[in-house]
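See structure below.
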Amino acid sequence: MLRVDGFADLEGRVLQSFESFFNLLSVLRDDGLVEGRNVALDLVLNVLRDACSVLLDLLLRVIDVLVSLVLQVDDLLGSLVRLLGGLSL
């Protein structure tokens, strides 16, 4: 009798585990808390945001280099004008 009750309890626990698993799957389906489409969309948007931030950082570095080049050329030309002006006097 004890074996039959133990087997019945085991069967009930296995069925309860399967029922819990199927409930979890129903929650995670399209109608549940987490929708697969939203997760994929979030991943795509996250990658795009990271790519845009990297490209913006690269663009700002290029602009920084170009501005420093213009300032160096301006300083060099100013020195050249002073030198040529000093030689003519």
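Each reported figure results from applying straightforward, stated rules to the coordinates on display, with no laboratory input. Not measured: the values here are computed from a predicted model. Because the Cβ atoms are built from the backbone with ideal geometry, glycine has one as well, and the counts that use them run over all protein chains shown.
Here's the yes/no breakdown for (1) closer than 30 Å to Asn23 by Cα; (2) in a helix (DSSP H, G or I); (3) not small (Gly, Ala, Ser):
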position	(1), (2), (3)
Val44	yes, yes, yes
Val47	no, yes, yes
Val54	no, yes, yes
Arg61	no, yes, yes
Val65	no, yes, yes
Leu69	no, yes, yes
Gln72	no, yes, yes
Gly78	no, yes, no
Leu84	no, yes, yes
Reported set for region 44-89 where residues are loosely packed, with under 10 Cβ neighbours inside 10 Å and either in contact with an Asp or Glu (Cβ under 8 Å, 6 or more places away or on another chain) or hydroxyl-bearing (Ser, Thr, Tyr) (or both) is Ser88
